[in-house]
1. Can you give the net charge of the other residues whose Cβ lies under 13 Å from the Cβ of Ala100, counting K and R as +1 and D and E as -1?
2. Could you give P(r) for region 23-89, binned at 10 Å from zero, as whole percent values over all Cα-Cα pairs?
3. Loop-only GluC sites (Glu not before Pro) in region 286-381, please: DSSP not H, G, I, E or B, and at most 13 other Cβ atoms within 10 Å.
4. Given a 1.4 Å probe and heavy atoms of the protein chains only, how would you sort Phe220, Phe61, largest accessible area at the top?
5. So what's the back-of-envelope 222 nm ellipticity for the chain, counting only DSSP H runs of four-plus at -39500 (n - 2.57) apiece and dividing by all residues, rounded to 500?
6. Return a whole-number percent for the relative contact order of region 1-81, with Cα pairs under 8 Å and 6 or more residues apart as the contact set.
7. Quick one: among Ala111, Ala416, Ala183, which has the greatest mean-square fluctuation in a GNM of the chain with alpha-carbon springs under 10 angstrom?
8. Is region 258-300 rounded, prolate or oblate when judged by the Cα gyration tensor, a ≥ b ≥ c being the square roots of its eigenvalues, rounded requiring a/c under 1.5 and prolate requiring a/b larger than b/c?
Amino acid sequence: MIGCGTVGSGVAKLLRDEASRYAARAGRGIELRRVLVRDAAKAKARGLMADELITTDADAFFATDGLDIIVEVAGGRGPVADYVRRALEAGKPVVTANKALLAAEGAELFALARRHGACIAFEASCAGGIPIVTALKFGLMANRIDAMYGILNGTCNYILTEMTQRGIDYDTALSQAQALGFAEADPALDVSGQDAGQKLAVLASLAFGERVAASDVWCFGVDDLNLADIKFGQELGYDIKLLAIGERTDAGLSLRVHPCFINDREPLAQVHGSFNALSVYGHATGHTMYYGRGAGEMPTAGAVVSDILNIAGGWYPVAFESMNLWPDGHEAAEVASSDELKMRFYLRVNALDVPNVMAQITHVLGESGISISAVLQHESAVGQFVPVVILTHEARQGDIRAAADRIEQLDAINSAPVVIRIIDMPQG
Ligand code: NDP
Ligand code: HSE
């Protein structure tokens, strides 16, 4: 095993505590033979394995006798990517939780695995303990997937839940998520939306059968969100969620991660804390939804160990070799332009409360072909800046961007309008 932090510790505990159950399931015993880390003292202090199993020497690690499967739970790219390549070139199956690596180098690594008679299993890389990789690859194989909508980052969902339900401020909620082991080593990856974007890239390749890279996904995170907007949304019947969205459109795949308002009665609105969920729309099966703990030590370790068992049991390497399900066999995805996307929008404008200001704003929207569906302004003293919230009917994203730029130029407006997308899930 490479890495022994949050996830690696959970893997070590499961392999230690459930050894007889796993031997019965896989038909052979599963034993941790060597653990590669950067700081041996830290790993030894965890007390999860004999000290002599722990090494900081990659050559000693790879020279260990009896390594049948390499488990990569270190994270990141660079040297870790080199270790994964080294394992695959030696024909060893790799189990990884590393979405950053797969989203950037997955197609190449899958091809490498195939050339060397190895395989890669990666259930833990997306949505922690939820078996959505297995569902997309195998359970829904008969379907053409048209769309999927996911809450794929436990840290962001935890932060949003703490802010909206318990009034905790953003920084405190992020610190809590880090202490609970949900956040990445660099939490900027979580709050910027990039971690969810990497997971969407991995899942979209499987769901749509097209090769998707992280750079195909445009990402906005939760780091710019303002509590005032979350509260206005709640007043209007919406909950805020960071959604990862993949949809087939006439212009190609639309792939994006951004905060959005969803109707507070939607099933995805009921997903709180570190839980994740993915709604998938298949042409034959219709709507299915997968829900569970998307981050944390034991849920993620459970997914890693399930992959180990599927390899040890023998069926997964056969499926890997014989089925055309993997990104290296796919054509590069055609990705739709974000300007052409149509949806509803929430706009908040800070406007001076004087005659005619609303007319100026609605004039800009009207000229851009944007139709208003609701307006909310609380009473304030005359002559003060006041937040004006506008919900639109479906509009082209490019038109909203252009209108927001024009509204910002109005004399009676003191800051850039806040724009939050409103997502209406497909019905049925
Ligand atoms: P941690 O930071 O807790 O642990 C990382 C471990 O990897 C540490 O033991 C670290 O060693 C070791 N490591 C890092 N770089 C190297 C290297 N170059 N060579 C050898 N060892 C290295 O991370 P997590 O356990 O949280 O995450 C691990 C992976 O699992 C990541 O890819 C993450 O994205 C993924 N993941 C995490 C989830 C979670 O909830 N935490 C959920 C799903 C996936 P040392 O301490 O000595 O530096
Ligand atoms: N940092 C990730 C999250 C871990 O918060 O979802 C699970 O991939």
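1. On the way: positive: Arg77, Lys99, Lys199; negative: Glu72, Glu105, Glu184, Asp186, Asp190, Asp195.
Local net charge: -3.
2. 18, 49, 29, 4
3. Details: sites: Glu297, Glu321, Glu331, Glu334, Glu340, Glu367, Glu379; in loops: Glu331, Glu334, Glu379.
Filter output for region 286-381: Glu331, Glu334, Glu379.
4. Values: Phe220 100, Phe61 0 Å².
Heavy-atom accessible area, descending, gives Phe220, Phe61.
5. On the way: 15 runs with 158 residues, N = 428.
Computed ellipticity for the chain at 222 nm equals -11000 deg cm²/dmol.
6. Values: 90 pairs, mean separation 31.9, N = 81.
Relative contact order here is 39 percent.
7. The residue that fluctuates most here is Ala416.
8. Numbers: a/c = 2.46, a/b = 1.28, b/c = 1.92.
Note, shape of region 258-300 comes out oblate.
The values are calculated or read from the model by the stated rules, or taken from the named source; none is laboratory data. Since we're looking at a predicted model, the values are computed, not measured. Neighbour counts are summed over all protein chains in view; Cβ atoms, including those assigned to glycine, are modelled from backbone coordinates with ideal geometry. Areas reflect the complete protein model, heavy atoms only, side chains present, ligands, DNA and RNA absent. Shrake-Rupley method; radii C 1.70, N 1.55, O 1.52, S 1.80 Å.
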